[in-house]
1. Out of curiosity, is ILE207 more than 27 Å from VAL86 (Cβ to Cβ), of a type in the set (A, V, I, L, M, F, W, C) and surrounded by 14 or more Cβ atoms within 10 Å (Cβ to Cβ)?
2. Report whether or not ILE181 is of a type in the set (Val, Ile, Thr), under 30 Å from TRP222 (Cα atoms) and surrounded by 14 or more Cβ atoms within 10 Å (Cβ to Cβ).
3. Being surrounded by 13 or more Cβ atoms within 10 Å (Cβ to Cβ) and of a type in the set (A, V, I, L, M) narrows it down to one of LEU20, LEU65, LEU84, so name that one.
4. Going residue by residue through the range 27-41, is there one that turns out to be surrounded by 10 or more Cβ atoms within 10 Å (Cβ to Cβ), within 30 Å of THR150 (Cβ to Cβ) and of a type in the set (Val, Ile, Thr)?
5. With a cut-off of at least 1 residues that are over 21 Å from LEU158 (Cα atoms) and of a type in the set (D, E, K, R), name the helices (runs of 4 or more DSSP H) lying wholly within the range 177-236.
6. Which one of ALA106, ALA136 is assigned to a helix (DSSP H, G or I), of a type in the set (Gly, Ala, Ser), over 22 Å from ASP221 (Cα atoms) and out of contact with any Asp or Glu (no Cβ under 7 Å at 6 or more places or on another chain)?
7. Determine the pairs where a residue that is without any contact (Cβ under 8 Å) to a residue 60 or more places away in the chain, located within the range 105-132, has a partner that is not in a helix (DSSP H, G or I) with Cβ atoms under 6 Å apart, the partner being 6 or more residues away or on another chain.
Amino acid sequence: MKKKKVTSVNVRSFNPTANLIFNIVIAIFAISCVVPFFFVIMISLTSEGSLAANGYRFWPKEFSLEAYRYIFQGAMSQRIIHALGVTVFITVTGTIVNATMTSLYAYVISRSNFPFKKFFTLFALITMLFSPGMVANYLVMTNLLQLKDTIWALILPLALGPFNILVMRTFFKKTVPDSIIESARIDGASEMRIFVSIVLPLAVPGIATISLFAALGYCHDWFNALLYIQKDTITVFIDENSKQLRVLIKKYGYGCSSTRRVRRSTK
């Protein structure tokens, strides 16, 4: 039987009107994502007097580089570099600690021959559903562990998360079959050798996922620094969300020591 020659392929697509509407919607969404960044850049290039007189504008009435001079010259530049170094150290170290502890915990409860897997799975699930609260966490970190004004006060609170544990548990159960583990045991491999040499290479995508979650969590964390750090030698970058907290602290006076620390960091 002679094969037919394919000259054209009919692909289902939207009609021109619908395609135009979708393009307009996506363009509006893209512009809405870019405009805030452009707005912030324009504000940074506006003089303080113009901001006080004319308010915020997309195009400054009077340009000024005073904000960048304040940041990159003098003592402020040293504080920013120091804060950046502390933030990078916390992010890198915390991500490594988080990925290691999460992988070990999740691998154990993912194995069918572990007798206490249901208990430890339920233990992680309960901690995700019910939080002890800020007061209990503060008492544990300051009174029990004595970690106030230390770098570990910014690392340990996020070192192990129940959501990442359940994600990696599911990943191990779906990706690492029991037959491979049993074959390694028959060959005389220990549990740590199996985990390092066999399980980890197969679980690289899952570990990369939880590492990304952990890195974003450490990089954007500001509340633990506000609670546990009062030394000027441990300074971290604080994101935009903390500005609302500064307003509440200044207006209602929540915590005198925290108020002094926040005001000092904004000078």
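A short reminder: the numbers here are calculations on the coordinates, not readings from a lab. Source: prediction; values computed, not measured. All Cβ positions, even for glycine, are placed from backbone atoms using ideal geometry, and neighbour counts span all protein chains on display.
1. No: the conditions fail for ILE207.
2. Spelling it out, it is not the case that ILE181 is of a type in the set (Val, Ile, Thr), under 30 Å from TRP222 (Cα atoms) and surrounded by 14 or more Cβ atoms within 10 Å (Cβ to Cβ).
3. Testing whether each residue is surrounded by 13 or more Cβ atoms within 10 Å (Cβ to Cβ) and of a type in the set (A, V, I, L, M) leaves just LEU84.
4. No: zero hits.
5. Where helices (runs of 4 or more DSSP H) fall fully within the range 177-236 and carry at least 1 residues being over 21 Å from LEU158 (Cα atoms) and of a type in the set (D, E, K, R), they are 178-186, 191-194.
6. ALA106
7. From the range 105-132, the pairs are VAL108/PHE114.
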